[in-house]
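The values are calculated or read from the model by the stated rules, or taken from the named source; none is laboratory data. Model, not experiment: these values are computed from the prediction. Cβ placement follows ideal geometry from the backbone for every residue including glycine, while neighbour counts extend to all protein chains displayed. Note: accessible area is taken over every heavy atom of the protein model, side chains too, but ligands, DNA and RNA are not part of it. Shrake-Rupley method; radii C 1.70, N 1.55, O 1.52, S 1.80 Å.
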Amino acid sequence: METGETPIIQIMALIQYITRIQFDCGAVKLLPLELDLLGMKKPLLVTDAGIRAAGILDKIVGSMGNYDFEIFDGTPENPDEEALRQCLDIYKKKQLDGVIALGGGSPIDLAKAVALLVSHGGKFSDYGVQTGGSEKIGKVLPHIAIPTAAGTGAEIGRACVMTTDDGRKTIAVNLNMVASAVICDPELTLGLPPKMTAATGMDALTHGIEVYVSNNYNPPAQAIALDCVRRASRNLVKAYQNGSDIEARKEMMMAALEGGLCLQKVLGALHAMSAPLGEFGIHHGTVNGILLPHVLRYNESHCGELYLDLKKAVGIDPDSRLDGWAEDLLKQLELPTTLREMGIESKHIPDIAEKSAKDHLSSSNPRPMTPEDYKILLHQAMG
């Protein structure tokens, strides 16, 4: 490099899979072992009212023996700062020493936020990735994640999403946010209703698809993403149609875990859009399903061999269309197929498109995206 030239900064591939994962039917029985390994004596168990009502919380409590713990079951559908403050208040008053998350992405994200602020102080917005705050995150409080749905992969994720008091979604992202231990027990998903099975399963599936075709370089993550697609595409309908099919449940939980593991390769335009759409209260997996056919169609010209791999993984002929396959899947799962069904109006599209284009995920989409491109896709998804 000549003197005075601007140095070229290359973003290197980060390949790191670093936490303990207990995966099997009945794995929740190993919770005391994981508590001992982490030195937890009095944890806060973060969950939600639905998990309590379904009897899943009782199973976990029954597996904890004589451990002393406190329960917070007020996690909202989208974790927010009010719930975070309540958890922190319980944690400090009861002098606790760790966190257990039980549930879907919301309790898991809330538990991560507790682990972050107990160890670092300040406000959650201080650690947002958009403002560079995530770079300040060091080692956080020990926490265990126990997923009860097969979707987000949040149990193994390094990201934490929180709705701040001003209504905005703030995301903290750092490898130090990964759970200290993960317990994946497929039996915990047996009671998941068909509608939620379908929606959360679409979340896992779209993670695999988007990661596989994203333009970042990370072969191990890409391989995991393709296996995620294979497992999810071939077992989601089975789990939806027969919730007691433990083999299908097991495969979907593995697909969700793989979807979380492969996120290091980063997502693309679909998730860049689903983030601002989530501000309207739409379930994340549901909106991902609506967007999938349109994003697959848009990216086709830039994916070549990658689409052939995906077609093989989902079990369709090389001459078939992936967007057509995705549309058929939505019908089989009886999921919404348009944004209009979810209450989105045409007047919302310009703002959603602008936010999508500014999202960091937009740059990793295999085909370049502009605000106008997002407007076109969103109008198509309106139906």
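Here are some notes:
- Backbone phi angles across region 330-346, fed through the Karplus curve with coefficients 6.51, -1.76 and 1.60 (θ = phi - 60°), yield HN-Hα couplings of 4, 5, 4, 8, 6, 9, x, 10, 9, 5, 4, 4, 9, x, 7, 10, 4 Hz in residue order; Gly and Pro are listed as x.
- Cα gyration tensor shape for region 232-383, rounded if a/c is under 1.5, else prolate or oblate: prolate
- Filter on K195/K238; K112/K139; K94/K139; K59/K112; K92/K136 - keep pairs with C-alpha separation over 18 Å: K94/K139; K59/K112; K92/K136
- Against the main long axis of the alpha-carbon atoms of the chain, helix 305-314 sits at an angle near 60°.
- Remark: the Cα gyration tensor places region 189-240 in the prolate category, a/c being 1.5 or greater and a/b exceeding b/c.
- Accessible surface of K169, taken over heavy atoms with a 1.4 Å probe and every protein chain present, rounds to 60 Å².
- Between the C-alpha center of region 144-198 and that of region 74-132 there is a gap of 13 Å.
- Taking all protein chains into account, the per residue accessible area for the chain stands at 44 Å² (1.4 Å probe).
- For the chain, share of DSSP beta bridges that run antiparallel, in % to the nearest 5: 20 percent
- Separation of region 17-70 from region 214-290 is 24 Å, based on Cα centroids.
- Model label points for R85 and D328, set 7 angstrom from Cα along the Cα-to-Cβ axis, are 5.2 nm apart.
- Segment D351-I316, length gained on full extension (0.36 nm per residue, minus Cα span): 9.0 nm
- For the options V266, V61, V287, a Gaussian network treatment of the chain with springs between C-alpha atoms closer than 10 Å singles out V61 as fluctuating the most.
- Rounded to 10°, Cα long-axis angle of helix 194-213 versus longest principal axis of the chain: 60 degrees
- Ranked by how many other beta carbons lie within 10 Å on average, peptides 29-37, 288-296, 245-253 from highest: 288-296, 245-253, 29-37
- Spin-label zone in region 238-281 - amide nitrogen under 16 Å from a point set 7 Å from the Cα of C25 along the C-beta vector: 239, 242-254
- Ranked from largest to smallest solvent-accessible area, with a 1.4 Å probe on the protein heavy atoms, D203, D351 come out as D351, D203.
- Ranked packing of 62-74, 178-190, 151-163, most packed first, by mean Cβ within 10 Å: 151-163, 178-190, 62-74
- For region 224-383, the fraction of 1.4 Å probe accessible surface lying on carbon and sulfur atoms is 51 percent.
- Rounded tilt (10° steps) of 219-241 against the dominant C-alpha axis of the chain: 80 degrees
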